[in-house]
Structure formats: C-alpha cells, structure tokens
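Report on the structure given below.
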Amino acid sequence: MLMQRNDLNPEIIDLLLGKSDAELMKEAMAIAVDANRSEDDRIDALDNLEMLIEQIDNANNLEKLKMWEPLHALLTSGPDSVKAHAVWVIGTALQNNPSAQDAYLKLAPLPTLTSFLSPSSGNSAASSQQIRSKVIYALSGLLKHNAPALAQLDSDGWSRLCQALQDPNIAVRRKTAFLLNSLLTPNETTTSSSASSSDNLHTPDSQQNQGPIHPNSHAAHLFQPGRASTSALTLEAMTKHNILGTLIDGLTNPLPYGEDGDKEEVDPDFEEKGVA
C-alpha cells in the first residue's frame, strides 16, 4: 500500500512541477491591482499576464477566473503607465477571439475606452499619447469582425474616432485609419456563408447538413454568421459623423506632426491606410 507524504513543502512542489498558467495569471493580477505595490512591480505583472494570455486558452480563462472586471477597472484608476499596460493586455486578449470579445463586451467597455482618445484628457502629454495608441489596439481587437460590439459604439465614440484621425501623434492617426479600413472591408467568410445558406434555403435537411456547433473560441461566428459583417454599420456611421470628410482632409491637408510638429507633408503610411 502506497503511503501519501504530507511533509512536502508546497513551494518545493511548485518549483519541481511548475505552477499552472491559471495560477500564474491570478498571481500577476493580484500584483497588478495592488495599489500598495510599486509601479514597476505592477507593470511587470501586467507584462507577464500579457505574455500568458497570448495563448487563446489563457485569454478565454480571463472570464472563468473572473479577471475581466479587475482588469477593466485598472483603466479608471492608478498611474497612467498601469492604465497603458492594462489596455494592452485587454487588446491582446481580444485579438481574433470572439469568445473573449463577448466576455469583455458584457462590461460595456466602449465609453471608457473611447474616452482616452481625446488628447485633452487629464493625463500627461507623453502618457496620453501612449494610452491612445494602445486604446486603438484594444478597440481593434473588440470591434473587428464583431458587428454586435460595433452596434454599441455610440455617437460620442464615433466622434472620438474621428478626432483620432487628427491626433497630434501620427501613430494614432495611422492605427485609426487602419482600424476604420478593416471595419469597412467586407468579410469574405460571411459572404460565402450567406451564399451557402441561400443555396440550401429550400432543402429540408439543410439544418442537419450543417452539423453540430461545438463550443470553442470561434463558435460565435457559426451561431451568428452575420456577426463578422461590419462594413455597412461602419459606412453609415462614417457618413453620419463626417469621418470620411475628416479622413480626406487628413490626406489632402494634413495637420503637422513629429516631435517638434514640423512635418506637414502627407505621411506615406497614413496615406496607404487611408486609401486602401
């Protein structure tokens, strides 16, 4: 009969076997939200968390571990550097992950995210630029191929995206133009799915032929084939809020940019993203 030893130190076991990713995520989050820890410690913890949630299974575990709420709360408290790293973690978790998109959208995060896009926010100039750039990254992760999220973007949110096309930081302008271009691009998968559905519209066994939908990160696209179609909503909003006019003006009469604000020519990268 095997005897179970009770005298083994848990720290030794962790050292030998290694902690699970879930445990590492919880430890990183505990440090990140601890206002008594140093700013550097909190940033390092968020960096570690970001590396962990690059794996899609770990990103999906944010909901299971109830981490979305404290992670989102970091955007409205703490130093600017912590906010910037928190929004970067959010953006990474959302990239090409409908399951994470749905989990985060439950917090109605768009007003908070878009509030950072105004250069006149209370943050310092340098940190404000850093946060705005990362917010566009997070918005890209949340809105791309996600019509339900895009439908929640209100007039104020669209107006702030319009402002971002004239941001003093050219990197923010580029990323905003690329995001809008991505949202305008018709989704080929959705088009193909719609055509396939039309072909089987009058077939009695059409539903059986589709097969079962298994729960996974991308099951939402199978449950909602039109979910990825964002072009019509985007075009309507861009017309309504004069975003098209602002984009054209940015290409024909660009605002100065650069460290000293001395560059007035059209930025080639912005031009490419704006007219693609």
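Each reported figure results from applying straightforward, stated rules to the coordinates on display, with no laboratory input. Quick caveat, the model's predicted, so the values are computed rather than measured. So basically every Cβ, Gly included, is an ideal-geometry build from the backbone, and we count neighbours across all protein chains shown.
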(request) Express the relative contact order of the stretch 56-191 as a whole percentage, based on alpha carbon pairs under 8 Å and six or more residues apart in sequence. (result) 24
(message) Give me the net charge for the shell around SER77: Cβ to Cβ below 15 angstrom, other residues only, Lys and Arg +1, Asp and Glu -1.
(response) -1
(message) Modelling each spin label as a point 7 Å along the Cα-to-Cβ direction, I'd like the ALA22/LYS240 distance in nm, to one decimal.
(response) 4.2
(request) Please give, to one decimal in nm, the separation of the simple spin-label points placed at SER77 and ASP40, each 7 Å out from Cα toward the Cβ. (result) 2.5
(request) Report the calculated FRET efficiency for VAL266 and LYS106 (r = Cβ-Cβ distance, R0 = 45 Å), to the nearest 0.05. (result) 0.65
(request) Beyond 25 Å between alpha-carbons counts as too far, so tell me which of LYS106/LYS240; LYS26/LYS106; LYS144/LYS240; LYS64/LYS175; LYS83/LYS175; LYS19/LYS106 fall in that bin. (result) LYS106/LYS240; LYS64/LYS175; LYS19/LYS106
